[in-house]
């Protein structure tokens, strides 16, 4: 089909060219040029066919390239939309899970200490105001994330009193690093619920953060009761954190869990980006 079209186009071009030669010769301005033109007709025809085919091939290569780019762009956009939907679903699980546990804590206090239950309710309302502000963002600074953690622990200290202690070891340079909002809160909640709550004398929740080779490394430790019922799996909070990090960073993120008779430790590692 292309060859036929090329031959027709070349024939028309050749006929037009020969027509111009005849016109120039008819004006008798100079000696006839037709005898010089005619021997080259076959070569000119072949060259015109080749040029037509090259132009057609180039045109279709450009069209294929643009279609490929458009397909890649559409695939990327669909991937981003799917990723965003997954993240929204995962983040939507956080607040109900935390709220359920907090309301249980308030319910337990209403009979034994109504004043503490009221204080905890007010602190909880303030915490949710801040979590809604930060939670609507794609990323927040680690400093802001730690302020949410501090608010959460203040709420829990109303319930546990001196039984709940907190230690933080945060490298100064890490405070401005960007993290997904509410990425630490489920881990701190687990530390309190599955660690401190089972110990009569309480214990210390430790939070550590450092930069290492372009990665932000976060670690949460809590003591455990050797006689407590063993957990099955890693729990909703940890699964949620792992899924969010995998969705955001893929293979660049790691979530490691260590559990012994003395402590429970979870480590997060993902690319470090600054504000």
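Just one of the numbered conditions (1) in contact with a helix residue (DSSP H, G or I) (Cβ under 9 Å, 6 or more places away or on another chain); (2) more than 27 Å from residue 271 (Cα to Cα) is not true of residue 195: (1). Can you tell me which residue is farthest from the chain's Cα centre (by Cα) among those in region 129-160 that are farther than 19 Å from residue 173 by Cα and not in a helix (DSSP H, G or I)? Once the filter is applied, the top-ranked residue is 136.
The listed residues are 103, 109, and the only one of them that is at pLDDT 75 or above, surrounded by fewer than 14 Cβ atoms within 10 Å (Cβ to Cβ) and assigned by TED's automatic domain parsing to the domain that holds residue 184 turns out to be 103.
The values are calculated or read from the model by the stated rules, or taken from the named source; none is laboratory data. Just so it is clear, the model here is predicted, and its values are computed rather than measured. FYI the Cβ positions are ideal-geometry reconstructions off the backbone, even for glycines, and counts take in every protein chain you see.
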